[in-house]
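Asker: Structure provided below as structure tokens; questions to follow.
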Amino acid sequence: MLTALIFVPAAGAVLTLLLPRGRESTVRWTGMLSSATALVIATIVFVQFESGTAAVQFAERAAWIPALGITYHIGVDGISLPLVVLTAVMMPIALLSSWRSVTDRVREFTFSMLLLETALLGTFVSLDLILFFVFWEAVLIPMYLIIGLWGGPRRAYAAIKFILFTMTGSALMLVAIIFLYVHSGTVLPARTFDLMQLLDIRVGMPLQAWLFAAFALAFAIKVPVWPLHTWLPDAHVEAPTAGSVILAAVLLKMGTYGFLRVLLPLFPEATLRFAPVLVILAIVGIIYGGLVSWVQPDMKRLVAMSSVSHLGLVTLGAFALTVEGLQGSLVQMVNHGISTGGLFLLVGVLYDRTHSRQMDDYGGVAALMPQFAAVSLIVVVSSMALPSTNGFVGEFLVLLGAFRAQPAYAAVAVAGVILSAVYLLWMYQRVMQGPVAVKALALDPSGASGAGPVRMIDLSPRELLTFVPLIALIFAIGLYPSPLLSRTEASVRALVVRVDEARGHAETGFGLRASGFATPIHDSQFTIHEFRVTSHESRVTRGLR
Amino acid sequence: MTLPSVDLRLVVPELLLTGAAILVLLVGAFTPRAGHPALRWIAAAGAAAALWQTLRLGTGGASFGGMYVRDALTLVLQSIALVTTLLAVVLSGEYVQRTRLESGEYYTLLLVSALGGLLMAASSDLLMIFLGLETLSIPLYVMAGFARSDVRSQEAGMKYFLLGAFSTVFLLYGIALIYGAGGSTNLGTLAAASPSLLLFTGIGLVTIGLGFKAAVVPFHAWAPDVYEGAPMPVTAFMSVIAKVGAFAAFLRISSVALSAQFSQWATALTVICVATMVLGNLAALRQTNLKRLLAYSSIAHAGFILIGILSGNISGATAVAFYLLAYALMTLGAFGVALMLQRDGQEADEIADLSGLASRSPILAAAMTLFMISLAGLPLTAGFFAKLYVFTAALDAGYAWVAIVGVLASVVSAYYYFRVAYVTLTGQPRDDVVIVGGRWTRAALVAAAAGVLILGLAPGRFVTFVQQVGQALAK
């Protein structure tokens, strides 16, 4: 099942190469159909997934390179499932969004996107560290091509910066993986790269700290955790819309997924010791990302920097090391994918029309494009985490988890939430409201823009279609998150138990208070808090006007 | 003096190569026009037959009074050398025809050089190593200067010859000192030699000699100039076969015979290894000429391979063998793409010549990208498992920091490899560059690309094959 899921896009990619030249629409449809097939399979996996158990499901295991103890071991649990589905959802949307905007080398573009999907899905389901690493690195090449070939004016620089940053991190991760492998030979009967077997090993402390550091660096660059984020704005701004969507929605999650998949379970003692460091970096990121977003004149850069802020929240949730925090972190990963993916799509829609991303070039767009304005508002409030949207569920859980761990963390992090309202609403206001004033850059290939006014046509049916699933998910998760939460809960609990055991081992205790075990999560709790936070947020937003 | 016992059945691959070399020389001399296609066929058939025989013979046996041994190390490294040779012959195909270099001599020299590589892989005696090294090198000196009308080629040949001869003196003097200390040149006997200053110095000198051939820092200075000047297919062949030979000898000496004494040189070797990786990769960053870029890249890769030698364990030896195979495929492939092009009737050896290749020939551009990805050591290609192997060996031996330097150096390398790929995939095609193609070159390219992918996706069987090296050493 999972093998089919991973390799359906790859098969589609190969198919696009075999198609005769010049059949662009066939290529597009091939891409769309194969990613849609993957989505169908992912949906089946999601539906059939049994909640209530932390065990790995849909597992497949085969020898790959027996001589080196490398296996093809894949499977999903509550931690990888949401991300697998997220990837499968976002890819058809991204392909659809590029239907008109990518006209150059469609075949190569579709090929890269599908390969990217295979690599991403593979990363999330791998249970063997080498397999994981192979997929992890395999993501780089199609993403490099997407930024480097279809990107903006500074694409070459952005693409190579992206590659060098991520490779530096993953290079050290590779050393750490090999180190674990060599170390496993001294404890287990045979050396192995299998994550499930490696869980039985408890690496001694100084070594564990080093391994933790190597993995953490790789993941933190990918997330990106402040101050390792500098590749992100460049990559996002230069990437084509579809690339930005996937980059924000899925690629960044590889890092936060790595936190949960590798760091917490494999190195619990080191996690306990270094969690405060990561939490503080995350909080700095939340605030810093928010402040920088605030002053961005460029919408795409604004959305990119807001990712730094939002992913800081995800990181905070992960290293709060409480059930709520971790669940919130997972939900927030999905949410960020949906909302920020949506924001990039919105910027893409505007950019397609005017070839400008500067907020100053826009004004009163809502009057010209009413549908677009409505859609934008929904995505914006989702990203701001207004109640009844998905963002609220995740952000609330993260803050709750952080509060249980250390109230001060949550107190500072809330400032980030307020900031996100500031910059997002400000952007909405400047672009959508006020007198109509739309300038276009002379860049417009049709040449129409140089003299006459740009035609701000409202959303085409195709564009609308890209937003429909996102909006549906925004409200579905916002109003009824329990299918998602119930599937993730068991795995998250198991993770917390594992870390707590380590707390028992290292009795000294490293600054984090007891985990929030006492309070299981019920959906009913949300309704109570909803109103309170609603009124609070609307006060904030009103205060801004 | 009685002649030692000789079992010719063991040396069938060498005999086949020699036979093909002589035949191709004769046919070349008696065919009226240069560039007869029969020459290629003979050379390729000779290399293929030798490869087949090597694989068929398997392991077991020694000949020439124990100077020649056919063990797993021989099997694996000879196979790699012969794959290299076969690919190089096929790759040369149209280029040498185009440039009117094709003649019996060209293929004879190539095959004889390969013969030297085979002998080095099979030698269990210092004299045999020396003999093999000379048989390998002398044809390469000639081949580097083979384009008689090209001044650069003349310079390359001369430079390579002078420095190569110089380095051989180090090797020979080292052998003499080792003989003086251990009383024998046989590696098996030397394994029992007691450590002494003489032996220590001897090993140092041998290391320098082999280091020249493998082009490791600080003995690398000849490589960029020679690579740039030599005709391109010669550069391709030379960059691989010299390394196969040199590292075969390294393995024989360091891991089999003198491992205990060799470890005294570990610190020096570590410095050489790290310097090679760092300098090779840093120098490559600034190159604009593809041949020079690949020259520095080959220096850098020599550093990575040296990690395997440095580790001095079984997985290190295996890593060296696997790395050599991967290196052969990806380097020959990268040269192969450039061989498909021509700028104003000359070699297209500038990186800029590759500009916009994707819009003319997407397949060629894809192949170049594949080889560059592999050289950078990213997954799904041969280069990844090669690096995984050497780094595993390094950690096995406790050289964690060398592995860390290694991975960081390969990040640096990604910069220039990706630059080549980027130029290939984007930009405007240059008017003065044309795709000349050729069926032979194309066939070699397909083989190299397939090899890179297979080693990257399903290396299982090759890993098992290569691991025999480790078993040979474990005995």
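Asker: Could you check, for segment B:418-439, whether at least one of its residues is more than 20 Å from the chain's Cα centre (by Cα), within 14 Å of chain A (Cβ to nearest Cβ) and among the aromatic types (Phe, Trp, Tyr)?
Answerer: Yes.
Let's see how each residue does on (1) under 25 Å from the mean Cα position of the chain (by Cα); (2) part of a loop (DSSP other than H, G, I, E, B); (3) surrounded by fewer than 16 Cβ atoms within 10 Å (Cβ to Cβ):
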{"position": "A:21", "(1), (2), (3)": "no, yes, yes"}
{"position": "A:67", "(1), (2), (3)": "no, no, no"}
{"position": "A:71", "(1), (2), (3)": "no, no, no"}
{"position": "A:75", "(1), (2), (3)": "yes, no, no"}
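Asker: Looking only at residues in segment A:129-138 that are buried (at least 24 other Cβ atoms within 10 Å of the Cβ) and touching a residue at least 60 places away in the same chain (Cβ under 8 Å), which one is nearest to residue B:370 (Cα to Cα)?
Answerer: A:136
Asker: I would also like to ask the following. Residue B:204 - would you say it is surrounded by fewer than 24 Cβ atoms within 10 Å (Cβ to Cβ) and either modelled with pLDDT of 90 or more or not hydroxyl-bearing (Ser, Thr, Tyr) (or both)? I'd like the intermediate steps shown before the answer.
Answerer: Details: surrounded by fewer than 24 Cβ atoms within 10 Å (Cβ to Cβ): yes; either modelled with pLDDT of 90 or more or not hydroxyl-bearing (Ser, Thr, Tyr) (or both): yes.
Answer is yes for this residue.
Asker: Name the single residue, out of those in segment B:367-381 being at the interface with chain A (Cβ under 9 Å from one of its Cβ atoms) and of a type in the set (A, V, I, L, M, F, W, C), that is nearest to residue A:70 (Cα to Cα).
Answerer: Across segment B:367-381, the extreme among qualifying residues is B:380.
Asker: Does any residue of segment B:347-359 turn out to be polar (S, T, N, Q) and buried (at least 23 other Cβ atoms within 10 Å of the Cβ)? Don't jump to the end; show me each part of the working.
Answerer: Initially, segment B:347-359 is screened for residues polar (S, T, N, Q), giving B:355, B:359.
From the residues that got through so far, the ones that are buried (at least 23 other Cβ atoms within 10 Å of the Cβ) too are none.
Checking segment B:347-359: not a single residue is polar (S, T, N, Q) and buried (at least 23 other Cβ atoms within 10 Å of the Cβ).
Asker: Let me ask something else. Which fully enclosed helices (runs of 4 or more DSSP H) of segment A:124-237 have 2 or more residues being away from chain B (no Cβ under 13 Å), under 21 Å from residue A:282 (Cβ atoms) and not hydroxyl-bearing (Ser, Thr, Tyr)?
Answerer: Details: elements: A:129-138, A:140-150, A:155-187, A:195-198, A:205-222.
So the answer is A:205-222.
Asker: Quick check on this structure: which one of A:248, A:190, A:216 is under 23 Å from residue B:395 (Cβ atoms) and at pLDDT 85 or above? Full working, then the answer.
Answerer: Details: A:248 fails: under 23 Å from residue B:395 (Cβ atoms); A:190 fails: at pLDDT 85 or above.
Criteria check complete, one pass: A:216.
Asker: Further question on the same structure: Mind checking which residues of segment B:153-204 are over 15 Å from residue B:249 (Cα atoms) and of a type in the set (Ser, Thr, Tyr)?
Answerer: B:153, B:160, B:173, B:179, B:184, B:189, B:194, B:196, B:201, listed by residue number.
Asker: From the list B:217, B:234, B:240, pick out the single residue that is outside any helix (DSSP H, G or I) and buried (at least 21 other Cβ atoms within 10 Å of the Cβ). Lay out the reasoning, then the answer.
Answerer: Values: B:234 fails: outside any helix (DSSP H, G or I); B:240 fails: outside any helix (DSSP H, G or I).
Unique residue meeting the criteria: B:217.
Asker: Further, regarding this structure: Do you know which residues across segment B:103-149 are part of a loop (DSSP other than H, G, I, E, B) and within 13 Å of residue B:232 (Cα to Cα)? Lay out the reasoning, then the answer.
Answerer: The first filter runs over segment B:103-149 and keeps only residues part of a loop (DSSP other than H, G, I, E, B), leaving B:103, B:124, B:145-149.
B:145, B:146, B:147, listed by residue number.
Asker: OK, next. For segment B:440-471, which residues satisfy the criterion of being free of Cβ contacts under 8 Å to residues at least 12 places away in the same chain, at the interface with chain A (Cβ under 10 Å from one of its Cβ atoms) and under 20 Å from residue B:367 (Cβ atoms)?
Answerer: The one that is free of Cβ contacts under 8 Å to residues at least 12 places away in the same chain, at the interface with chain A (Cβ under 10 Å from one of its Cβ atoms) and under 20 Å from residue B:367 (Cβ atoms): B:458.
Asker: Hey, another quick one. Note down all Cβ pairs under 6 Å where the first residue falls in segment A:463-487 and is farther than 22 Å from residue A:40 by Cβ, the second is exposed (fewer than 15 other Cβ atoms within 10 Å of the Cβ) and of a type outside the set (Lys, Arg), and they're at least six residues apart or on different chains.
Answerer: Within 6 Å, the pairs are A:482/A:523.
Asker: Can you go through A:270, A:304, A:275 and tell me which one is at pLDDT below 90, within 30 Å of residue A:96 (Cβ to Cβ) and of a type outside the set (Phe, Trp, Tyr)? Give the steps one after another, and end with the answer.
Answerer: On the way: A:270 fails: within 30 Å of residue A:96 (Cβ to Cβ); A:275 fails: within 30 Å of residue A:96 (Cβ to Cβ).
The match here is A:304.
Asker: Among the residues of segment B:114-144 satisfying the criterion of being of a type outside the set (A, V, I, L, M, F, W, C) and free of Cβ contacts under 8 Å to residues at least 60 places away in the same chain, which is surrounded by the fewest Cβ atoms within 10 Å (Cβ to Cβ)?
Answerer: Applying the first criterion (of a type outside the set (A, V, I, L, M, F, W, C)) to segment B:114-144 yields B:116-117, B:123-125, B:132, B:134-135, B:137, B:139, B:141.
So of that shortlist, the ones also free of Cβ contacts under 8 Å to residues at least 60 places away in the same chain come out as B:134-135, B:139, B:141.
On the way: B:134: 17, B:135: 19, B:139: 27, B:141: 23.
Per the criteria, the residue is B:134.
Asker: Filter segment B:382-415 down to residues that are surrounded by fewer than 24 Cβ atoms within 10 Å (Cβ to Cβ) and closer than 25 Å to residue B:355 by Cα and give me whichever is nearest to the other protein chains (Cβ to nearest Cβ).
Answerer: The selected residue is B:411.
Asker: For segment B:338-346, check the following and say yes or no: at least one residue is under 18 Å from the mean Cα position of the chain (by Cα) and surrounded by 24 or more Cβ atoms within 10 Å (Cβ to Cβ).
Answerer: So the first thing to find is which residues in segment B:338-346 are under 18 Å from the mean Cα position of the chain (by Cα), and the list is none.
Scanning segment B:338-346 turns up no residue that is under 18 Å from the mean Cα position of the chain (by Cα) and surrounded by 24 or more Cβ atoms within 10 Å (Cβ to Cβ).
Asker: Now for a different question. Find the residue count for segment A:115-166, including only residues that are touching a strand residue (DSSP E or B) at 6+ places or on another chain (Cβ under 9 Å) and among the small types (Gly, Ala, Ser). If you could, list the steps in order and put the result at the bottom.
Answerer: So the first thing to find is which residues in segment A:115-166 are touching a strand residue (DSSP E or B) at 6+ places or on another chain (Cβ under 9 Å), and the list is A:122, A:124-136.
If we keep only those that are among the small types (Gly, Ala, Ser) too, we end up with A:122, A:126.
Qualifying residue count, segment A:115-166: 2.
Asker: Check A:37, A:110, A:118 and return the single one that is surrounded by fewer than 24 Cβ atoms within 10 Å (Cβ to Cβ), on the phi < 0 side of the Ramachandran plot and hydroxyl-bearing (Ser, Thr, Tyr). Give the steps one after another, and end with the answer.
Answerer: Working: A:110 fails: surrounded by fewer than 24 Cβ atoms within 10 Å (Cβ to Cβ); A:118 fails: surrounded by fewer than 24 Cβ atoms within 10 Å (Cβ to Cβ).
Result: A:37 is the single residue among A:37, A:110, A:118 that is surrounded by fewer than 24 Cβ atoms within 10 Å (Cβ to Cβ), on the phi < 0 side of the Ramachandran plot and hydroxyl-bearing (Ser, Thr, Tyr).
Asker: Next up: Filter segment B:327-382 for residues that are polar (S, T, N, Q) and modelled with pLDDT of 90 or more and give the result. Write out each step before concluding.
Answerer: Our first condition is that a residue be polar (S, T, N, Q); within segment B:327-382, this holds for B:331, B:342, B:346, B:355, B:359, B:361, B:369, B:374, B:381.
Selection gives B:331, B:369, B:374, B:381.
Asker: Looking only at segment A:453-489, filter to residues that are outside any helix (DSSP H, G or I) and within 22 Å of the chain's Cα centre (by Cα); which one of those is surrounded by the fewest Cβ atoms within 10 Å (Cβ to Cβ)?
Answerer: We begin by selecting, within segment A:453-489, every residue outside any helix (DSSP H, G or I); these are A:453-460, A:480-481.
Restricting the remaining residues to those that are within 22 Å of the chain's Cα centre (by Cα) gives A:480-481.
Working: A:480: 12, A:481: 22.
My answer is A:480.
Asker: Check B:253, B:272 and return the single one that is in a helix (DSSP H, G or I) and under 22 Å from residue B:132 (Cα atoms).
Answerer: Details: B:272 fails: under 22 Å from residue B:132 (Cα atoms).
Matching residue, one of B:253, B:272: B:253.
Asker: Of the conditions (1) buried (at least 24 other Cβ atoms within 10 Å of the Cβ); (2) within 29 Å of residue A:298 (Cα to Cα); (3) more than 14 Å from the chain's Cα centre (by Cα), residue A:234 clears all except one; give me its number.
Answerer: (1)
The values are calculated or read from the model by the stated rules, or taken from the named source; none is laboratory data. What you are looking at is a predicted structure, and each value in this text was computed from that prediction instead of being measured. Every residue, glycine among them, receives a Cβ derived from its backbone with ideal geometry; neighbour counts consider all protein chains shown.
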